[in-house]
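The structure appears right after this line, and notes come after that.
The values are calculated or read from the model by the stated rules, or taken from the named source; none is laboratory data. Worth saying up front: this structure is predicted, and the values here are computed from it rather than measured. As a convention, Cβ positions derive from the backbone with ideal geometry for all residues, glycine included, and neighbour counts pool all protein chains shown.
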Amino acid sequence: MKKTVFRVIATTLFVVLCSQAIVSYADPSIDEVKDERDETQQELDEVTATLEELAAEQNEVIDEIEQVNEALVTVMTEVEVIRQAVEDKKAEIVLAEARYEEAVATANEQYEAMKIRIQYMYEAGELDYVTMLMQSGSFSEALTKADYVQDLYEYDRNMLAEYQRMIEQVGELKAALEAEQEELLALQADYEEEQAYMESVILELQALSDDYAAQIADAEALAASYARRIEEQNAEIARLEEEARRAAEEAARRAAQDSVAGSADSGRVTTTNSVTYDVSSIYAANGGDLGKSIAVFACQFIGNPYVPGGTSLTDGADCSGFVYSVYKEFGYTVPRTSYSLRSAGTEVAYENAQPGDIICYPGHVAIYIGNGLIVHASSVRTGIKISNAQYRGILSVRRLI
């Protein structure tokens, strides 16, 4: 499966590079570039899905590595514990061997001493008892000496037996310790074998993870090439749309100028709702021709709806959207919000306001058309209309032209 994914990625990357080389010689339309962009986006989505799949599989391998690592740490800890136990057992065996040798040596010394005493007391056989009896001052003394000899003999026998038992016990302990050591060594060998197996498993899993990482890197490179291509296509679309927008704006500007010129000749303007307004007072007011043209142009949209967040002069706009779109028709880009418009352009006193200036109110903006009047997108209920400029408190008057 992994090799298949890799071949698909490599083949797709080759196709993308070739297609990029071919497309670079074309001069497509906006729709053609958008179609190409959509195809590239689809291919990018497929590669992204492959990336997610590879990443998920790699994460599973990494999780398995972590699990095996945790088990390995436990095994290595057990191995270390057993190794220490083996060392401790070796020390106990050495101590037991020393005790065994000491017990054997003591028993041998006791045996040799006993032999000397026995030889001293009994080398003359039973005559020694007669001599001991004859030399005794009394029969009681003779019995006492005989008891002493018998006690000494019993003592030697008991001590010899005790040392013999000690030798046997120490020998048994040494044998038991050696048996325990053998068991520990066998257990250590088992754990070391398990440790080696786990280490080999980790190496295999790590190799698999590295393989996934390589496939992910290839897929990321392919995704990056698609993303760059989409960026280039979007830039081309933006360029073509900008050209189309400029052409449309130029046509609208010319139409607006023609409309304004016609209004200047007749002193009247017809709105998009086919209502005629007298705009001669705008031309008669103080101010520049461009500002007056902007004011007259804005009056063409009286009666159109107020739409929150809208910027369409015909389908609906809010107060700042109305100002933004009117100025846009004359090639000016102004801030989009009423708050930002308070600091746009240059501030002038209301007494010096001219047609085309922007009147800023708390949370509202309008276009001044002279003679104390404004045109503005007032509310959802009233739409775009003409009002008295001082119908509410004025915050600032801004001149942009």
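Points worth noting:
- Only one of Val33, Val61 that is modelled with pLDDT under 95, more than 23 Å from Ala227 (Cβ to Cβ) and surrounded by 12 or more Cβ atoms within 10 Å (Cβ to Cβ): Val61
- Applying the criterion of being over 18 Å from Thr276 (Cα atoms) and among the hydrophobic types (A, V, I, L, M, F, W, C) to the residues of the range 368-397, the residue that is surrounded by the fewest Cβ atoms within 10 Å (Cβ to Cβ) is Val380.
- Hits in the range 346-363 (condition: surrounded by 13 or more Cβ atoms within 10 Å (Cβ to Cβ) and under 19 Å from Ala285 (Cβ atoms)): Val348, Tyr350, Ala353, Gln354, Pro355, Gly356, Asp357, Ile358, Ile359
- Restricting the range 291-320 to residues that are outside any strand (DSSP E or B) and of a type in the set (Phe, Trp, Tyr) leaves a set whose member that is nearest to Gly363 (Cα to Cα) is Phe301.
- Of all residue pairs spaced 6 or more apart or on separate chains, none has beta-carbon atoms under 7 Å together with a first member in the range 355-369 that is in the same structural domain as Phe301 (by TED's automatic domain parsing) and closer than 11 Å to Tyr339 by Cβ and a second member that is crowded, with 24+ Cβ neighbours inside 10 Å and of a type in the set (Phe, Trp, Tyr).
- Some residue of the range 213-228 being in contact with a helix residue (DSSP H, G or I) (Cβ under 8 Å, 6 or more places away or on another chain), modelled with pLDDT of 85 or more, within 22 Å of Ser29 (Cα to Cα) and surrounded by 12 or more Cβ atoms within 10 Å (Cβ to Cβ): yes
- Scanning the range 335-379 for residues that are hydroxyl-bearing (Ser, Thr, Tyr), closer than 20 Å to Asp315 by Cα and in a strand (DSSP E or B) gives Ser378, Ser379.
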